[in-house]
Structure formats: structure tokens, C-alpha cells
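The values are calculated or read from the model by the stated rules, or taken from the named source; none is laboratory data. Keep in mind that this is a model prediction, so the values were computed, not measured. Cβ placement follows ideal geometry from the backbone for every residue including glycine, while neighbour counts extend to all protein chains displayed.
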Amino acid sequence: MDAMDLKILDALQKDGRLSSQALAEKVGLSTSPCWRRVRRLQETGVIRATVALVDAGAVGLQVTAIAMVTLEDHHPDSVSEFTRVVDERPEILECHATSGQHDYTLKVVCESIIAYEQLLSRWIMPCKAVHMVNTSFVLRSTKRSTALPLVLADPD
């Protein structure tokens, strides 16, 4: 990965709808070499997907919760059961295995507090692997980004 790849990635993170020509102009390449680079970045998995970012509130999803989950144990069967439940629930947007007091941190988006409570009572808490869930509700977001901080290494 070189400086041009990083410029391409930076431009696409800001606007994934750029045409090949517009992207090439933005990064200072001709269209064909730029397109080949983008294709290589896709084939190697650096670019995982191109998506539309939907405003949750605009589609009736008013509640964002951060749930810290502690498992009963770390036996592979327990972890598999918990992972299966997480994978099945579309409300759970992110799941991170974490160090510290809790084993996992979940980002959950749903239409209401009642919907969140139903997710907990019907899916998460019945999971035998789950010992405890500690939830914080997002009151206001002051920063939201999906763009990674791409930084060129100093050549020296």
C-alpha cells in the first residue's frame, strides 16, 4: 500500500459514490490506473464494502444503547452461543470482545426503550452464557464517523 492507495481510500471514505473519473481527478491519476487500484483494494479486502449510511432517527430508530456484557465463563461453547445470538439480532450493529471488567461491548440501535428491553429479555439474558449486562443509553452524539484515520508513514 502506497501513498496513492491511501489517497484513494481517504477520498472514498469521504464519498463512496465518486465515479471512477471523479475519483481519479481528485487523487491526481488517470481513470484506468485509478480504477485498477480500486479493484485491487477491493480484491485484497482492504475495501470491504460500499454502503449507504442511513440516519437512524429518520427511519424510526430512536434509541442507541451501549451494552457491556459479562459472560459466565470463556468456554468455547459459551462464546459460540453468545456469538450466535449476537449474529442473529439485526439490532446489534457492533460486537467487540474487550479487555477489562466486561467481556463484550455491543452497540445496539432500536426503535424504543421497550424494544431494547425486549431484546434483552427475549434474546440476550436467556442466553446461558450471559452473566450480566450493563447498559448505557446514548443521550446525544457529538461525533460520528466511519472513516478510518489514514496516515502516511514518514519515509525516513
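Worth pointing out:
- Selected residue (only one of Ser145, Ser121 is small (Gly, Ala, Ser) and either assigned to a strand (DSSP E or B) or under 18 Å from the mean Cα position of the chain (by Cα) (or both)): Ser145
- Test set (1) exposed (fewer than 10 other Cβ atoms within 10 Å of the Cβ); (2) in a loop (DSSP other than H, G, I, E, B) - Ala58 fails condition number: (2)
- Within segment 91-100, one or more residues are outside the structural domain of Asp10 (by TED's automatic domain parsing), surrounded by fewer than 10 Cβ atoms within 10 Å (Cβ to Cβ), more than 28 Å from Leu9 (Cβ to Cβ) and among the hydroxyl-bearing types (Ser, Thr, Tyr).
- Exactly one residue among Val109, Val46, Val51 is touching a residue at least 24 places away in the same chain (Cβ under 8 Å), surrounded by 10 or more Cβ atoms within 10 Å (Cβ to Cβ), under 25 Å from Ala11 (Cα atoms) and within 20 Å of the chain's Cα centre (by Cα), and that residue is Val46.
- The residues of segment 124-142 that are over 21 Å from the mean Cα position of the chain (by Cα) and not in a strand (DSSP E or B), listed by number, are Met125, Pro126, Cys127, Lys128, Ala129.
A quick yes/no check of all residues on (1) modelled with pLDDT of 95 or more; (2) in contact with a Cys (Cβ under 9 Å, 6 or more places away or on another chain); (3) within 24 Å of Leu53 (Cα to Cα):
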residue: Cys95; (1), (2), (3): yes, no, yes
residue: Cys110; (1), (2), (3): yes, no, yes
residue: Lys128; (1), (2), (3): no, no, no
residue: Asn134; (1), (2), (3): yes, no, no
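- Of all the residues in segment 54-75, those that are modelled with pLDDT under 95 and either of a type in the set (A, V, I, L, M) or more than 18 Å from Met125 (Cβ to Cβ) (or both) number 2.
- Meets criteria (within 23 Å of Gln62 (Cα to Cα), surrounded by fewer than 17 Cβ atoms within 10 Å (Cβ to Cβ) and among the aliphatic types (A, V, I, L, M)) for Ile124: no
- Residue list for segment 103-116, filter: of a type outside the set (Ser, Thr, Tyr) and either in a loop (DSSP other than H, G, I, E, B) or farther than 21 Å from Asp87 by Cβ (or both): Asp103, Glu111, Ile113, Ile114
- Contacts under 7 angstrom Cβ, first residue in segment 122-143 being within 18 Å of Gly100 (Cβ to Cβ), partner assigned to a strand (DSSP E or B) and of a type in the set (S, T, N, Q), 6 or more apart: His131/Thr70; Met132/Thr70
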